[in-house]
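Heads up: the structure comes next, in structure tokens.
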Amino acid sequence: MKADHVWKKLALFTAGFFVLTALFFWIVREDWSRTAVTTEPVSRSAVLEELTEGREIRQSFPIASDEWTSVWLDCSLWNPSDQPVELRVALKETGRELAAMWVLPSEFQVDGLTEIRFPEAVTGLRGQVAELTLRAAGGLSFWTGTSVNTWRFSAQVEKLGELTLDGNPQPGSLVMRQSGSNRLNGTRWIWPVAAVIWIACMGIVLDTRRRKKNGQGGLVLRAMEIARRYSYLLKTLVVRDFRVKYKASVLGVLWSFLNPLLMTFVYYFVFNTLFHSDIENFTAYLMSGIIIFNYFSEATNLGLFAIVGNASLITKVYMPKFIYPLSKVLSSSINLAISLIPLMAIMLLSGVQLQKSILLLPLGLVFLLIFCTGMALLLSALMVFFRDTQFLWGVMLTVWNFLTPIFYPETIIPTAFRGLYHCNPLYQLIFFVRSITIGGVSPTPITYFYCILASVGTLLIGWTVFRKTQDRFVLYL
Amino acid sequence: MEPIITVEHVTMNFRINVSRTNSLKEYFVAKLKGRLRYENFQALRDVTFSVQQGEILGILGRNGAGKSTLLKVISGIYRPTSGSVVTRGRIAPMLELGSGFDYELSGRDNIFLNGAILGFDEKFLHDRYDEIVEFSELGEFIDQPIKTYSSGMVMRLAFAVATLVSPEILIVDEILSVGDAAFQKKSYARMMEMMSSGTTVLMVSHNIDQIRSMCQRAIWLDHGSLRMSGEVAPVCDAYTQWLEAGGA
């Protein structure tokens, strides 16, 4: 390779890399400047005495967000008067008034939390203690509680702050929620991180050139050699898998369109009445979940048999064995790519406004691809040694399907389990894709971190297991 | 000159799981009970030899002497328990005819699949395609799925692919003894052609006359050990004598 040829390539890479970084910066700029904050209300357990003329409830609590925009309250209406309810929010220490509102009792929801928006956002007071004062002419009682979540598990929570009715301390706290947003300067990390990645890439390129000159080996050179030699095989295997899949079916490749549509149709009829009201764009929500889970399920099921099913080849010809699971995942990816077309159609039909965040979709797909490759490597290796993996995996997939919010809203997950849900890699990836397509916003940096962790982490685990065991595959086939 | 195949002190042990655990439950139960027993089977024992480019090496030995294991170690399918194997160039292993085929696909697709498995690229295979089809005598059947082929047709195709891509090293395990007389004659001629053009060939055959007539050198494996190696004639003589004496 001529020297100036290499420099040209490097320059091209650098330019492309920084253009992509700039594009990324532009896409997430607004979405990474703030992050939504909503606090979790305690669950109803007791109700305060009726709030009549001259009585008042005071609840103190710490302010949860930089830019606090609304408060949600839960009250029962007995025989409400048409006198407005008075709400005041002030700083506890100084008594400085932050917001004052009058809400007609008829504006309260009969059952559940009602959002009361502030006339003006309360900014820059996060962490300070505020006091909410409620006065009404009668007919309503506010709910209180002492724990979060009563669904099987409940966690006692500390009182938000002092709660008094006419100056008398009351047990528990008001069932209330704060909504607002925190300032987030997520974008400031983009350029430094990009620079670090670029420097690392340059380092690898220069090191590889030096090794090549000195005739040394090295991981990158070996990988390049394998890629050069076997890329055509990979392509052939992918095309073969895809062709064999739809062979002898009348509609052929059309099934890649039809399958997600029909599945969505079925799920829609089953779950529409249950969850429709809770989810915006239920159809698109459902379909995106189904498509991603289908991909995961197909890639892992094919990957499971990637080594065992190619036993006749593996015991007769040498080639890098990871090519088999990888080819299975890639041929499923073709399917995924095709099923994105009906998804886009459904999204546009159901009135989802596409935002620039949709440009992040390739990134989401790369995360998915890496994650599924890791799983396929792991499963194909396990399958060689334990043939029961296939039966176990069938059950696991069903469990995984129910544990991932595909057809139900995330909000039905009890708060006590939210943390566990974040440990589900598939949840993170589906959340990411839904956020950029249906939500129209880029997720916050922490979600990117989770997605990278979920995908690259899974790949590393899968690869390590595969690499450690691959020499023994032939002995067990 | 540096040899094209160097086999140094290769030992291949197979750990045979006597308790035959094939499921997770059995495995863990056996492990907990301490009954996870293994037996060692030594298929190759400290084998050392090398092959120069263009050489035709015959491998002799009785059934179970380790010939096939040795070929699999050289092709990279098995990793030796100890010792090392260094090869330079592409290896086309013909350990079993038709093993790299997908029976659902057409003959045409299989030529490319099989070629790709051997590590050749699309352009190279396109250039050789016509020649391969012609040699295999498949004609219009080339676009039919292989599952509709007779075994002779599969064999012809496999032989055509493995020999016409001109690999640097060709490994032949007992395949010249199959097929009808006409095909045997044709494949024999093709093999001779390859040998004269500098391809290194390793061949296993129980037909001693075939080894004598085609090979220049031979090695003799007995119970996994290298018993003798050298010029083809003395090795074959010693082997035949040993066989006649009872071969134990």
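The values are calculated or read from the model by the stated rules, or taken from the named source; none is laboratory data. Bear in mind that the values here come from a model prediction, so they are computed numbers and not experimental data. Heads up, the Cβs are rebuilt from the backbone with ideal geometry, glycines too, and the neighbour counts pull from every protein chain shown. Accessible surface areas use protein heavy atoms only, side chains included; no ligands, DNA or RNA. Shrake-Rupley method; radii C 1.70, N 1.55, O 1.52, S 1.80 Å.
Annotation note: Cβ proximity below 6 Å between a residue of the stretch A:461-477 that is at pLDDT 95 or above and a residue that is open to solvent by less than 60 Å² (accessible area, probe 1.4 Å) and not β-branched (Val, Ile, Thr) (sequence gap 6+ or interchain) occurs for A:GLY462/A:GLY374; A:GLY462/A:LEU377; A:GLY462/A:LEU378; A:TRP463/A:LEU377; A:VAL465/A:LEU378; A:VAL465/A:ALA381; A:PHE466/A:LEU377; A:PHE466/A:ALA381. The criterion of at least 2 residues that are within 14 Å of chain B (Cβ to nearest Cβ) and within 27 Å of A:PHE265 (Cα to Cα) is met by the following helices (runs of 4 or more DSSP H) wholly inside the stretch A:303-405: A:389-403. Filter the stretch B:176-207 for residues that are within 17 Å of the chain's Cα centre (by Cα), over 22 Å from B:GLY54 (Cβ atoms) and at pLDDT 80 or above and give the result. The answer is B:HIS206, B:ASN207.
When A:VAL441 is tested against (1) farther than 23 Å from A:THR35 by Cβ; (2) part of a loop (DSSP other than H, G, I, E, B), just one condition goes unmet, and that condition is (1). Look through the stretch A:20-72, keep the residues that are small (Gly, Ala, Ser) and in a loop (DSSP other than H, G, I, E, B), and return whichever of them is surrounded by the fewest Cβ atoms within 10 Å (Cβ to Cβ). Ranking the candidates gives A:GLY54 first. Scanning the stretch B:103-119 for residues that are open to solvent by 10 Å² or more (accessible area, probe 1.4 Å), within 19 Å of A:PRO320 (Cβ to Cβ) and in a loop (DSSP other than H, G, I, E, B) yields one hit, B:LEU118. For the stretch B:66-73, the criterion of being assigned to a loop (DSSP other than H, G, I, E, B) and free of Cβ contacts under 8 Å to residues at least 60 places away in the same chain is met by none of the residues. Among the conditions (1) open to solvent by 20 Å² or more (accessible area, probe 1.4 Å); (2) at pLDDT 90 or above; (3) under 24 Å from B:GLN210 (Cα atoms), B:ARG62 misses just one, which is (2). Is there any pair linking a residue in the stretch B:8-30 that is within 10 Å of chain A (Cβ to nearest Cβ) and assigned to a strand (DSSP E or B) to one that is at pLDDT below 70 and surrounded by 14 or more Cβ atoms within 10 Å (Cβ to Cβ), with Cβ under 9 Å and at least six apart or on different chains, and which? Final answer for the pair search is B:ASN17/B:LEU36.
All of (1) of a type in the set (Ser, Thr, Tyr); (2) more than 20 Å from A:LEU459 (Cβ to Cβ); (3) within 14 Å of chain B (Cβ to nearest Cβ); (4) in contact with a Lys or Arg (Cβ under 8 Å, 6 or more places away or on another chain) hold for A:SER288 with one exception: (3).
Conditions (1) within 22 Å of A:ILE314 (Cβ to Cβ); (2) without any contact (Cβ under 8 Å) to a residue 60 or more places away in the chain; (3) more than 10 Å from chain A (Cβ to nearest Cβ), marked per residue:
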| position | (1), (2), (3) |
| --- | --- |
| B:GLY76 | yes, yes, no |
| B:SER84 | yes, no, yes |
| B:PRO93 | yes, no, no |
| B:PHE101 | yes, yes, no |
| B:LEU105 | yes, yes, no |
| B:VAL133 | no, yes, yes |
| B:PHE141 | no, yes, yes |
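Within the stretch B:84-97, the presence of at least one residue that is modelled with pLDDT of 90 or more and polar (S, T, N, Q) is confirmed. List, please: which pairs have Cβ atoms under 7 Å, are six or more places apart or on different chains, and start with a residue in the stretch A:358-386 that is free of Cβ contacts under 8 Å to residues at least 12 places away in the same chain and end with one that is open to solvent by 10 Å² or more (accessible area, probe 1.4 Å) and of a type in the set (Gly, Ala, Ser)? Close Cβ pairs (under 7 Å, with a partner that is open to solvent by 10 Å² or more (accessible area, probe 1.4 Å) and of a type in the set (Gly, Ala, Ser)) amount to A:PHE386/B:SER23. Scanning the stretch B:30-53 for residues that are surrounded by 15 or more Cβ atoms within 10 Å (Cβ to Cβ) and within 21 Å of B:VAL7 (Cα to Cα) turns up B:GLN42, B:ALA43, B:LEU44, B:ARG45, B:VAL47, B:PHE49, B:SER50, B:VAL51, B:GLN53.
Filtering the stretch A:8-45 to residues that are of a type in the set (Val, Ile, Thr) and touching a helix residue (DSSP H, G or I) at 6+ places or on another chain (Cβ under 6 Å) leaves A:THR21, A:ILE27. If the condition is being crowded, with 18+ Cβ neighbours inside 10 Å and free of Cβ contacts under 8 Å to residues at least 24 places away in the same chain, then the stretch A:432-460 contributes only A:TYR448.
Does B:ILE132 satisfy the condition of being out of contact with any Lys or Arg (no Cβ under 8 Å at 6 or more places or on another chain), closer than 21 Å to A:SER327 by Cβ and surrounded by 20 or more Cβ atoms within 10 Å (Cβ to Cβ)? Judged against the criteria, B:ILE132 is not a match.
If the condition is being open to solvent by 10 Å² or more (accessible area, probe 1.4 Å) and touching a residue at least 40 places away in the same chain (Cβ under 8 Å), then the stretch A:418-431 contributes only A:PRO425. Within the stretch A:2-13, does at least one residue satisfy the condition of being modelled with pLDDT of 90 or more and either surrounded by 15 or more Cβ atoms within 10 Å (Cβ to Cβ) or aromatic (Phe, Trp, Tyr) (or both)? Yes. Screening the stretch A:442-477 for residues that are of a type in the set (A, V, I, L, M, F, W, C) and within 14 Å of another protein chain (Cβ to nearest Cβ) and picking the one that is farthest from the chain's Cα centre (by Cα) gives A:LEU475.
Considering (1) closer than 30 Å to A:LYS321 by Cα; (2) more than 14 Å from chain A (Cβ to nearest Cβ); (3) hydrophobic (A, V, I, L, M, F, W, C), the lone condition that B:MET192 does not fulfil carries the number (1).
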